Each structure stands twice: as structure tokens, then as C-alpha cells.
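*Asks:* Just dropping this structure here.
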Amino acid sequence: MTAAVFLTFSLSLFLDLFFRSRGILSVFTPFCIFYYTVVLNWKTALVLAIAAAIPAAVFAGSAWPFDLLTYPAVAGLSLWNRRRTGPAGPSLRRHLLCGSLIPILIFGPKALTSSFDTLLAFLAWLPPLCVLSAVLLPTVLYLLDLSAEKLGLPLYGDAVRKRENPPL
Amino acid sequence: MKQSSFRPVHAVLLSLAIPAVFLLAVLSWQSLRLFLARSALDYFYPFLKASAAAEDTAAHAALAAGKSKNFLASSVAKMQEELMKLSSQNASLEHLKQENRQLRALLELRQLPGFRPVFSEIIARDPMNWDETFLVDKGAANGIRAGDCVLAVFDAPDGEGVVTAVAGRVTFVSEHTARVSTIFHEDCTLSVFLAESGQFGSLRGAGRGEPPVISWLPADGKYGRGEIVLTGGLSPQTPAGLYVGTVQAGKDGNVSRISDHLYAEAELKAAAKISDLHFVTVLVREADKP
């Protein structure tokens, strides 16, 4: 399991780094945090979120470590989604909503503290970004579950249904 | 009956501990940043290089694929298709041409006594700080130190030819990478010399998309719009006489303004256009060579 988590986070960080260096706002690492918050537990996810936020903040080179606050907030969003999930199983609509919220959560604070031009550019790109992220989140969760199934690891689909041990 | 695992004391401690940890992390960030950056950047260096290499490979493959199809056109329809292909190729070749021109200009940098140019490629940058900071693929192993001056080649303001100008300064280095704060970033300060008025000042990035400000200029000096701004060379890591930009009028239309009744300030029209930058040269002092 540890190796799978390590590989997934390394790959997602690499993808984020690749796309962000080409001016594309990507949120693959937050997707992984969203996934592992449910599959593992919130404490481990919090540690993973902070561990992933450090390289993200370092690569961004921003003066303030927004990622140290926003990445754990994604874990919070995942917990909220899990709490709202009934025995019927995960709701696609809520996952779409969470997916569209993640870019706002990750880049919103940075945009608010950056230049007016950057804020305008961010606002212009926000609608397509939210739509893309909304579609990508369930897709990434599905792909991660698919690989977890092949590796015999715990599945998001099963974990999100578990109501016996609420996360908080 | 199942007993609840909820413990009020734990919940209170937890709700206090989490904000405390975050607060501590935020407050100690500035000091932790250096240490974390060194460790993280060296650890992720192969990933960073792989990212740049992947882009190069894809670009070469795309160009090669386009070339092999150049001979397929035999009919008008195909010729039209070919024309479109050539147009797109031309666009990419224009890009390569511009890149080539920048590289040649960087290689032909005049020899600065006591300084060694280290040619570097930008390997990572953040969309939210695009013009303010970036990461290059050379670091302490190549002799780069924090504070070193970074030059790049930009299109000349008149649109003809290119000009080599200061892009920023190195803010910190890891073994294989260096973080550059451009002259637009608040972390970047530079001593400058105004060529026509003959005055020295201190240039500082204003951040948030605002033009850099030259401060600590003598209050009684006369400063003209378009006056050339060069590096002052007061820092041993920055050679004197490198082109930075020109003085421009502020939002109120005045070239300079008096600050605190003590000194004058003026806005810089930077020669550096960071958004399209791919390669830079870091000037390393020969004495610092490892």
C-alpha cells in the first residue's frame, strides 16, 4: 500500500509540475488527496496532504505557503463528501461538485493575492477549468480504483460506503 | 449497546492542535522554506529534468512527422492540406528561430571580467507567479550562489534585433537547481545606475504585476523619461553596466516622486519580458567557482 501511495503521489506531482510549468492549472495531487482521505484515514491523508503541499509550494516559489492550507482543505472536502454519502453509494453529482470546487480551493487564494491581470486571467479560465476538473475527478477516482483492484488494495468505492466508522 | 468513541477532551485538544500546527507552519515558513526547497528540489530534480526532456522529445517528434509528410502532396486538395501543415510548421519554426536567436545572443555575451556565464534552461514555473519566479536546471554544483545576477535575451523595444538585459537574481540554490526571482518579484533588489542623470538608486520588484520601482535616488536629481537604467555594480555578485530598462512615467504622469521628503522614486520600464523566456544565463563570480 505504501509503495502504491508513494508512486501515485510522485506521478501526480510530476503531472502537476509538467502542466503548471506550461501554464496549465492542474490539480492531480489534490485528486489523490481526495482519494486517499477516504481509502486510508483522515490522519494519514492530512500528513500526505502536507507532505505533498511542501514540494508544490516549493515549485511554485510563492512567498506564502498557501498549499499547506489548501491541500489539507481538499482532505476536508473529501471527508464532507464521504459523510454525505449514503448506503446507496457514491453520488456522481456530488463528485462533480467536489471536482469543480477543487481548483477554486487550490488556486483561489493564490489568485486573490496575485496581480490584477493574473486574477482576471484566472477568472476567465475558471469556468472551463471547473468543468474539466469536475469531469476529471470521477475519472481519476475510477482509474485509481481500477489499478487498486488489480493490485488487491482497498477501493474508494467500498470505503466511501462505510458508515460504521465515521471519519470524525 | 454500542458505546460512543467520542471523547470531548480529545476533540478539544485536536481542534486546538491542528490550527496551532498550521499557524506554526505558516509563521516558520520563511525560515523553513530554504531547507525544504533544497531537499525537495534535489529530490525532484530527475522529475524536473524529465518534464523538460519530455517536451523536447515531443516537439522533435512532431517536427519530424511533419517533415516526412511534406512529399505527400500531389493534388490541389492535398496541396491545401500541405499548405496548412507548412503554415503550422512555419509557426513552430518561427518559434525555433526566435529561440535560436536568443541562444546565439546568450552565447555571444560579452566577456565580463571576473564573471563566468552559466547557461541554464527554465525547467519549472508556476502559472500564478509566471512573471515573478522560475526554476532553472543549474545549481550549486555549477557554482551558482544566491544573489547571482541572471541575464536573458529579449526582443529590442523598437522591435528590431535583440537586447541582453537583467532578468532577475537567484534567490536560493539547491545542488542542481536554482530559484530565480525576476525583477518584478518583491524579493529581487538590485543597485542601479541612471546613465544620463548619473545617479545611483535601488531597484525593487513591486510584485502583483506592478512595474519595479527605483528608490533611494537623490531628491534633488533631474530624471527624464526614457533614461537608460543599468546595474550599479555595488553588489560584488552583479557586474556594473548591464542593461536593465528605462525610466517611465508613473500613473500620475510624473517621472519621479519624492518619498518621505528624503529621496526620489521612479518607475522602471523593464527590458525583460519574462512570459516567453526559455533560457537564461546566470553570471557566476569566478572567485566563487567550485
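No lab work stands behind these numbers, since they all come straight from the coordinates. Computed from a prediction, not measured in an experiment: that's the story for all the values here. Quick reminder, even Gly has a Cβ in these numbers, built from the backbone with ideal geometry, and neighbours come from all protein chains shown.
*Asks:* Under the 0.36 nm per residue contour assumption, what length would be gained going from the current alpha-carbon distance of A:Leu123 and A:Ala51 to full extension?
*Replies:* Full extension of this stretch gives 23.1 nm more.
*Asks:* Quick query: amide H of B:Glu227 versus all other amide H atoms, modeled in the peptide plane; which residues come in under 5 Å with a sequence gap of 5 or more or a different chain?
*Replies:* Residues meeting the criterion, in which the H sits 1.01 Å from N, are B:Val247.
*Asks:* Highest mean first, what order results for B:43-50, B:118-125 on Cβ atoms within 10 Å?
*Replies:* Ranked by mean Cβ neighbours within 10 Å, highest first: B:118-125, B:43-50.
*Asks:* I've got another one for you. Determine the shielding of peptide B:128-136 by partner chains: average, over its residues, the number of Cβ atoms on other chains within 10 angstrom of each Cβ.
*Replies:* 6
*Asks:* Now, a different point. Ranking B:Leu217, B:Leu135 by Cβ neighbours within 10 Å, fewest first, what do you get?
*Replies:* B:Leu217, B:Leu135
*Asks:* If the label point is 7 Å along Cα→Cβ of B:Ala50, which residues in the range B:118-145 have backbone nitrogen under 18 Å from it?
*Replies:* Residues B:123-125, B:137 fall inside that zone.
*Asks:* Hey, what's the per residue convex hull volume over the C-alpha atoms of the range B:114-290, in cubic angstrom?
*Replies:* Details: hull volume 20.2 nm³, N = 177.
Per-residue hull volume (Cα only) is 114 Å³.
*Asks:* Under 8 Å for C-alpha pairs, at least 6 residues apart: give me the relative contact order for the range B:144-290, rounded to a whole percent.
*Replies:* Reported as a whole number, the value is 23 percent.
*Asks:* If we count every other residue with Cβ under 10 angstrom of B:Pro127's Cβ, Lys/Arg +1 and Asp/Glu -1, where does the sum land?
*Replies:* +3
*Asks:* What nm distance separates the two modelled labels at B:Leu262 and A:Leu155, each placed 7 Å from Cα along Cα→Cβ?
*Replies:* 6.9 nm
*Asks:* Here is a further query. Please go through the residue pairs A:Lys150/B:Lys49; A:Lys110/A:Lys150; A:Lys110/B:Lys273; B:Lys49/B:Lys273 and name each one whose alpha carbons sit more than 27 Å apart in this structure.
*Replies:* On the way: A:Lys150/B:Lys49 31 Å; A:Lys110/A:Lys150 38 Å; A:Lys110/B:Lys273 22 Å; B:Lys49/B:Lys273 24 Å.
Check vs 27 Å cut-off fails for A:Lys150/B:Lys49; A:Lys110/A:Lys150.
*Asks:* When you look at the Cβ of every residue in B:206-214, what mean number of other chain Cβ atoms sits within 10 Å?
*Replies:* Whole-number average of other-chain Cβ neighbours for B:206-214 is 2.
*Asks:* Residue by residue, what Karplus-based ³J(HN,Hα) values in Hz, rounded to whole numbers, does the range B:118-135 have, using 6.51, -1.76 and 1.60 with θ = phi - 60° and x for Gly and Pro?
*Replies:* 10, 6, 9, 10, 6, 10, 8, 8, 10, x, 7, 10, 3, 8, 10, 7, 7, 10
*Asks:* How crowded by other chains is A:15-24, given as the mean number of beta carbons from other chains within 10 Å of each beta carbon?
*Replies:* 5
*Asks:* Under a point spin-label approximation (7 Å from Cα along Cα-to-Cβ), what is the B:Arg208-B:Arg116 distance to one decimal in nm?
*Replies:* Label at B:Arg208, label at B:Arg116, 4.2 nm between them.
*Asks:* Over the range B:160-206, what is the relative contact order in whole percent, taking alpha-carbon pairs under 8 Å and six or more residues apart? All intermediate terms of the calculation are to be shown ahead of the outcome.
*Replies:* Values: 68 pairs, mean separation 13.1, N = 47.
Contact order relative to length: 28 percent.
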